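Here the structure comes first, spelled out in structure tokens, and everything after it is commentary.
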């Protein structure tokens with residue numbers, strides 16, 4: 001049985017980096033708000049990644065507002081360091097987080113939004129959906145064609161090489177996760193990497209400086225979807241610090257797209273076949289907004305918004321990839337979108353309108369330009 005309704009000015013759904021950054025600015029405004037987090041600790045998604053994961057952004061560029069990442073600013077924080085930092089952030093800023101509070105539904109009722117969890121019903125004048133870009137693992141249909149004895153893990157479930165049996169292992173996915181996992185496995189396994197579409201490789205460091213130093217100095221990290229260069233960049237994925245040449249030197253054999261499977265054999269688009277004992281699907285994630293019953297989605301269930309502000313009064317999104325810039329889903333740069341939404345929340349509270357963020361006249365299904 002649910003408790004009686006709890007009402008707030010603003011409710012933030014998600015206690016990861018986006019939700020915590022949003023909480024900072026709402027606290028600065030003195031808002032009555034709470035953060036609903038499904039897990040039993042803030043930023044739990046970080047602890048669910050593989051053991052050796054490191055950020056490809058230096059510590060100096062990876063802080064949320066109000067609290068620097070401790071230690072050498074040029075180092076690349078590990079998975080556990082990021083999770084510890086975010087938990088410390090929530091604690092030191094004393095953000096009002098309700099842990100173990102998975103939102104089962106969100107709907108509009110009269111002058112408020114109603115959010116249902118297993119234990120309580122909440123109402124809010126405004127809601128920020130900050131559930132992040134890493135929600136539901138995406139696995140291709142050919143996974144169902146493999147025998148049960150073939151070990152299959154999505155990258156979100158992989159922890160370290162001990163998870164895999166001896167014998168040939170296939171990593172599917174040509175993004176940063178796929179390259180990093182394949183390189184780690186190569187020290188103990190015969191490893192093959194299937195790349196469906198090649199991404200532009202960028203060096204981690206150039207002339208003694210990190211890539212993101214150049215992106216900041218040139219302003220490229222801040223180019224948005226209203227600009228021509230931002231529109232071009234948003235359609236391109238990039239590899240940071242990894243290249244096919246480098247991973248081949250580690251002993252990894254590269255294949256084109258995996259197109260079919262039968263029993264324990266995978267076939268690639270060039271007709272080559274590979275017998276495997278394990279496969280890791282580094283094939284990304286899809287967003288799941290099935291719990292939101294508000295008409296702010298296009299035909300593919302992608303939210304229609306302008307920099308996170310939707311046509312439904314007071315409903316906002318924060319943290320998706322390329323919400324507005326390359327940095328929208330990255331630690332350190334999600335702050336810019338959170339600050340912007342805090343401004344719109346303040347305007348809405350004062351006037352009942354988000355002001356210049358009005359989304360009338362939508363042109364694009366995902367972002368109104």
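The values are calculated or read from the model by the stated rules, or taken from the named source; none is laboratory data. Small disclaimer: the values here were computed from a predicted structure and weren't measured. Here the Cβ positions follow ideal geometry from the backbone for every residue, glycine too, while neighbour counts run over all protein chains shown.
Considering (1) crowded, with 16+ Cβ neighbours inside 10 Å; (2) modelled with pLDDT of 90 or more; (3) outside the structural domain of residue 50 (by TED's automatic domain parsing); (4) in contact with a strand residue (DSSP E or B) (Cβ under 6 Å, 6 or more places away or on another chain), the lone condition that residue 275 does not fulfil carries the number (1). Of all residues in segment 305-324, which are assigned to a loop (DSSP other than H, G, I, E, B) and within 18 Å of the chain's Cα centre (by Cα)? 307, 308, 318, 319, 320, 321, 322, 323, 324 - these are the residues of segment 305-324 that are assigned to a loop (DSSP other than H, G, I, E, B) and within 18 Å of the chain's Cα centre (by Cα).
Only one of 51, 32 is outside the structural domain of residue 158 (by TED's automatic domain parsing), over 27 Å from residue 108 (Cα atoms) and surrounded by fewer than 21 Cβ atoms within 10 Å (Cβ to Cβ); which?
On the way: 32 fails: over 27 Å from residue 108 (Cα atoms).
Checking each option against the conditions leaves just 51.
So that you can scan it fast, the table gives a plain yes or no per residue for (1) surrounded by 20 or more Cβ atoms within 10 Å (Cβ to Cβ); (2) at pLDDT 95 or above; (3) within 18 Å of residue 295 (Cα to Cα):
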residue	(1), (2), (3)
96	no, yes, no
112	no, no, yes
118	no, no, no
128	yes, yes, yes
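The single condition from (1) closer than 26 Å to residue 73 by Cβ; (2) crowded, with 17+ Cβ neighbours inside 10 Å; (3) in contact with a strand residue (DSSP E or B) (Cβ under 7 Å, 6 or more places away or on another chain) that residue 183 fails is (3).
Checking each residue in segment 278-301 for being buried (at least 16 other Cβ atoms within 10 Å of the Cβ) and not in a strand (DSSP E or B) picks out 282, 283, 284, 287, 289, 291, 294, 296.
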